[in-house]
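Only the coordinates and a few stated rules stand behind these numbers; no lab work does. Model, not experiment: these values are computed from the prediction. Please note: Cβ atoms are built from the backbone with ideal geometry, for glycine as well, and neighbour counts cover all protein chains shown.
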Amino acid sequence: MSDIPVNREFWNRLIREVRTRTRGRADPEELLHAAYLRLLRYRAQHAVENVAAFLVRTAVNIGVDNYRHDRFIADVSPEDAGVREISPLQDEVLASRARLERVREGLSHLTPRTREVFLMHRLDDMKYREIAEQLGISQSAVEKHIAKAALFLTEWTEGW
């Protein structure tokens, strides 16, 4: 193993080469680490004449394999993968509807401002800062409204 250059300049050159060849689709340093591990295993039984070429080629191949794997996984629908849809049981549906109705009832007990802030955060997926700007209140006030609503609704729905 002593013929493997282990300096920053060598490593940076390999990183640039892998980044260029993979067109930035993957982290070149991670790919090179994986390639280095393969080099160590491979060299236990075989001679490697050009370590840099081996590392770059292996890193690029790992990157291509990962890219293809990710694309394949993204393209496979649950039906194609043999995963069947699991429908909830009727009693689970009824229990969920009852819990939802309990939450709706609890929301009606909140002050209008607290309810508005809570729903903007939970339903509209707005950040505290965005809510504060839109309503003209401080971010601290938004945090307090959300905490107040969450605490009340937790207690309100307890046991359901």
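Summary of values
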item: Contacts under 8 angstrom Cβ, first residue in the stretch 36-62 being within 12 Å of Val18 (Cα to Cα), partner surrounded by fewer than 16 Cβ atoms within 10 Å (Cβ to Cβ) and of a type in the set (Ser, Thr, Tyr), 6 or more apart; result: Phe54/Tyr42
item: Subset of the stretch 13-28 [in a helix (DSSP H, G or I), in contact with a helix residue (DSSP H, G or I) (Cβ under 6 Å, 6 or more places away or on another chain) and not β-branched (Val, Ile, Thr)]; result: Leu14, Glu17, Arg19, Arg21, Pro28
item: Count - residues of the stretch 84-131 that are outside any loop (DSSP other than H, G, I, E, B), under 26 Å from Glu143 (Cβ atoms) and of a type outside the set (A, V, I, L, M, F, W, C); result: 16
